[in-house]
Amino acid sequence: MRALLRLFWFTMLAMVMVACANPLETLFADPPAKVNDYVLSRAELDDRVSRIEIGLRKNPNVTEMPSKAELDDYVIEQFVLQHVIVTLATEKGITTDKATVDKQLEDFRAAVAQSGPEEFDVVISDQLGYENASDPDFLSFVEYFVVQGKLAETLVDEATVRAEIQADLEEQSKSTELQARVQHILVDEEATAQKVIELLKEGKEFGTLAAEYSTDPGSKDNEGIYEWTGRGYYVAEFDKAVFDDLAVGEYTQTPVKTDFGFHVIKVLGREERPLFDPATIPSEIETRLPSMLEQRRYEALQGLIDEERTKGITEARIIIQPTAVVAVPTAGIELEPTPVP
């Protein structure tokens, strides 16, 4: 009986040796990472790291290769992040469907096509370490990306952020500051600025001269006018002329030099005004809402991920093996987990 068991053992070992490059690691070593029932094997990790190394070597902007330990950490962290989010989404009953995943995949393709001539499969391999766009693990990544967005939407709703922005703007509108309304002509040469000043002295209209001479795209087509703004909105030399040197109705008698060129400045008005005009609150809310909503959802999602990660490690549902080599920071290469190809 012992002889038969020994024969069975060596037969299984021989089969594993044929199938695997490192059979002892497969049989005995712990996987590099595990999140609940999802396991990242050493072979999968090595394959992905190898592809990313190839991609980095092809990139002319990479002057120094990261260490193997850094790349291991990068892929492992990406794996953990992906499956932590999938777990959280599953617990909340968040699902997706093939049509949504296919649309996200096409959005990725379009983004890659816009950013450069590289093929989609090459970008996936070089940056994420998957074999190609048909790799089941990459398709799982796309599904995770969709689920991540849906999960974030459940954490912070639009109405909450809209109310936050409105409260902030209303509070700003209650406070006042000294503001100025100015007229302005920007030119490249000091001699040109001096010529403009001489023409103003002759009685030429400021707005007419702004349209003819000014190189400032923000004001030249509006008679050179900048509407009410507070101190600190302009560069220091401009600020000094507007708030300290000129009286209302005066214009500079000598050109004001800044890093942008030479300025001729006229103060049209100066008075205490609200930090924010109450009349513009509705439009400003719509302007700020998209980015603020995205930021708040990101912060809430990150907090939830950190909480689940800590809890999972404590409960041994998340296991991350230490890398074999101490990672050394590498200049010029960012190895943060990348949520998009």
Among the residues of the range 177-196, is any assigned to a helix (DSSP H, G or I) and in contact with a helix residue (DSSP H, G or I) (Cβ under 7 Å, 6 or more places away or on another chain)?
-> yes
Check Thr90 against each of (1) at pLDDT 90 or above; (2) over 30 Å from Glu143 (Cβ atoms) and name the one condition it does not meet.
-> (2)
Has the range 101-122 got at least one residue that is closer than 30 Å to Leu275 by Cα and more than 22 Å from the chain's Cα centre (by Cα)?
-> no
Looking at the range 185-199, is at least one residue closer than 30 Å to Thr160 by Cα and within 35 Å of the chain's Cα centre (by Cα)?
-> no
Residue among Ser134, Ser67, Ser115, Ser125 that is small (Gly, Ala, Ser) and buried (at least 18 other Cβ atoms within 10 Å of the Cβ) = Ser125
Listed residues Ser291, Ser219; which is polar (S, T, N, Q), without any contact (Cβ under 8 Å) to a residue 60 or more places away in the chain and surrounded by fewer than 18 Cβ atoms within 10 Å (Cβ to Cβ)?
-> Ser291
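May I ask you to list the residues in the range 37-57 that are among the acidic types (Asp, Glu) and touching a residue at least 12 places away in the same chain (Cβ under 8 Å)? Before the answer, list the steps.
Initially, the range 37-57 is screened for residues among the acidic types (Asp, Glu), giving 37, 44, 46-47, 53.
Within the range 37-57, Glu44, Asp47, Glu53 meet the criteria.
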What single numbered condition from (1) modelled with pLDDT of 95 or more; (2) in contact with a Lys or Arg (Cβ under 9 Å, 6 or more places away or on another chain) fails to hold for Pro290?
-> (2)
How about the range 82-133: which of its residues are closer than 26 Å to Val62 by Cα, touching an Asp or Glu at 6+ places or on another chain (Cβ under 9 Å) and outside any helix (DSSP H, G or I)?
-> Glu118, Gly129, Tyr130, Glu131, Asn132, Ala133
Please tell me if Val80 is of a type in the set (A, V, I, L, M, F, W, C) and either buried (at least 18 other Cβ atoms within 10 Å of the Cβ) or outside the structural domain of Leu304 (by TED's automatic domain parsing) (or both).
-> yes
Verdict on Leu169 being in the same structural domain as Ile319 (by TED's automatic domain parsing), part of a helix (DSSP H, G or I), closer than 30 Å to Val235 by Cβ and of a type outside the set (Gly, Ala, Ser) | yes
Does Tyr213 satisfy the criteria of being within 22 Å of Ala279 (Cα to Cα), touching a residue at least 24 places away in the same chain (Cβ under 8 Å) and crowded, with 17+ Cβ neighbours inside 10 Å?
-> no
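Scanning the range 18-52 for residues that are over 20 Å from Ser140 (Cβ atoms) and either crowded, with 16+ Cβ neighbours inside 10 Å or touching a Leu at 6+ places or on another chain (Cβ under 6 Å) (or both), which turns out modelled with the highest pLDDT?
The first filter runs over the range 18-52 and keeps only residues over 20 Å from Ser140 (Cβ atoms), leaving 18-30.
Subset that is either crowded, with 16+ Cβ neighbours inside 10 Å or touching a Leu at 6+ places or on another chain (Cβ under 6 Å) (or both): 23, 26.
Numbers: Pro23: 38, Thr26: 41.
Among those residues, the one meeting the criterion is Thr26.
The values are calculated or read from the model by the stated rules, or taken from the named source; none is laboratory data. None of these values were measured; they are calculated from a predicted model. Backbone-built Cβ (ideal geometry, glycine too); neighbour counts: all protein chains shown.
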